[in-house]
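The values are calculated or read from the model by the stated rules, or taken from the named source; none is laboratory data. Since this is a predicted model, take the numbers as computed values, not measurements. Cβ placement follows ideal geometry from the backbone for every residue including glycine, while neighbour counts extend to all protein chains displayed. Ligands, DNA and RNA are stripped out before the accessible areas are found, and what is left, the full protein with its side chains, is counted by its heavy atoms. Shrake-Rupley method; radii C 1.70, N 1.55, O 1.52, S 1.80 Å.
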Amino acid sequence: MSAVRKRVLSGIQPSGDLHLGNYFGMMRPAIELQEQHDCFYFIADYHALTQLPDPAALRERSRNVAIDFLACGLDPAKTVLFRQSDVPQVSELMWVLACLTPLGLLERCHSYKDKIAKGLSPNHGLFSYPVLMAADILVYGSHIVPVGRDQKQHVEVTRDLAIRFNNQYGEVLTIPDCLIREEVAVVPGVDGEKMSKSYGNTIELFGDPKAIKAKIMRIVTDSTPMEAPKDPSKCNVFALYRLLASEQETEALRQRYLAGGMGYGHAKQALHEKYTECFKPFADRRRELADNPDRVEGILQDGAARARAEATKTMAAVRRAIGLV
Ligand code: ADP
Ligand code: TRP
């Protein structure tokens, strides 16, 4: 990464408990970037409204995502953490962009098509979800958007809309780039499919340690007998282990797979140890934060004020460019 400081932005929906896919695909890369860049991360509560959550659950989950992010190492002295809905300018920019968005562009979006294919009856919010996401990214003049692979198309829609805007009204909006870490682009779940809340195959970052251990012990493996050599590249347990372990530890486990004589139960134990080593300190910090709701709210309010200042600047330029003043 170059030494030039860039604006990095990403968001996560408060739609349930965070899992290893969220952590390795999005949160950890995002947190690492706070050392060199100017990072803005938010809780996408407007986006969560597309699924009509219960108001109390929405409030509670939004606070929990903030606590999880802070527990995992987001440093509010370096990074701006806020709730999407604390910056209403984003919904104004969404309208402006909506008026430049061809319907076909949204009809082609995989995440929309997948939800329709699953029988969900779509509301307008679900259909225009990518336009709100574009507004999120563009209102802060973001250069880099770290996300998992499933969000790539939405960032492409954002680039398309920013280019359309600039062609029409002059160079006002910054064209962002998506940042996808290939090695963590798709973290597998306990069944080997992409880990996702909607597939019920997740391993949570925080939760009852016994339940988490049981999930790890239930990860699907093939039926290669204990004595036989095993292929680490085809094993879901190994795929998760390598995300948590050092290079040397990963290499050592790889050799044990190849040598034979090791059962999958042993690999699962090793994965569970690494999981605990990584997340236990975060869980301790999480407990402290959960006991201090005022402190967390203060961090979110401070983040919101900083985010609003940026959004206000962009919206002044956008309004001028389109003739609203
Ligand atoms: P879910 O699929 O569980 O609903 P989200 O869509 O809320 O997860 O994802 C939030 C962020 O985490 C996005 O940036 C997404 O790309 C990333 N992410 C989610 N699941 C995975 C996964 N299995 N592998 C890599 N990244 C993921
Ligand atoms: N759509 C993203 C998800 O489901 C969340 C999100 C909303 C987002 N706005 C964003 C991510 C802007 C990156 C940038 O994971």
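Worth a mention:
- Of residues in segment 24-53 being among the acidic types (Asp, Glu) and in a helix (DSSP H, G or I), the one nearest to ligand 1 (Cβ to nearest atom): Asp45
- Number of the exception - Asn166 against (1) outside the structural domain of Ile67 (by TED's automatic domain parsing); (2) under 28 Å from Ala321 (Cβ atoms); (3) not hydrophobic (A, V, I, L, M, F, W, C): (1)
- Residue in segment 7-22 that is away from ligand 2 (no atom under 13 Å from the Cβ), open to solvent by 10 Å² or more (accessible area, probe 1.4 Å) and at pLDDT below 95 present: yes
- Selection count, segment 186-200, where residues are of a type outside the set (D, E, K, R), over 16 Å from Ala117 (Cβ atoms) and assigned to a helix (DSSP H, G or I): 0
- Taken across segment 153-173, residues that are closer than 26 Å to Ile116 by Cβ, among the acidic types (Asp, Glu) and within 16 Å of ligand 1 (Cβ to nearest atom) do occur, with at least one present.
- When the criteria are applied in full, Gly141 meets the requirement of being surrounded by 16 or more Cβ atoms within 10 Å (Cβ to Cβ), more than 16 Å from ligand 1 (Cβ to nearest atom) and farther than 30 Å from Cys235 by Cα.
- Of all residues in segment 176-199, those being near ligand 1 (Cβ under 6 Å from one of its atoms), touching a helix residue (DSSP H, G or I) at 6+ places or on another chain (Cβ under 8 Å), over 11 Å from Phe24 (Cα atoms) and open to solvent by 20 Å² or more (accessible area, probe 1.4 Å) number 1.
- Some residue of segment 29-39 being free of Cβ contacts under 8 Å to residues at least 60 places away in the same chain and closer than 19 Å to Leu132 by Cβ: no
- Being open to solvent by less than 50 Å² (accessible area, probe 1.4 Å), touching a helix residue (DSSP H, G or I) at 6+ places or on another chain (Cβ under 6 Å) and at positive phi is a property that Gly25 lacks.
- Ala56, sole failed condition from (1) within 16 Å of ligand 1 (Cβ to nearest atom); (2) aliphatic (A, V, I, L, M); (3) assigned to a helix (DSSP H, G or I): (1)
- Taking segment 157-173 as the range and being over 15 Å from Gly11 (Cβ atoms), without any contact (Cβ under 8 Å) to a residue 40 or more places away in the chain and crowded, with 16+ Cβ neighbours inside 10 Å as the test, the residues that pass are Arg159, Ala162.
- Residue match in segment 204-221 (condition: of a type in the set (Asp, Glu) and touching a His at 6+ places or on another chain (Cβ under 6 Å)): yes
- Residue in segment 85-102 that is under 21 Å from Met315 (Cβ atoms) and touching a His at 6+ places or on another chain (Cβ under 9 Å) present: no
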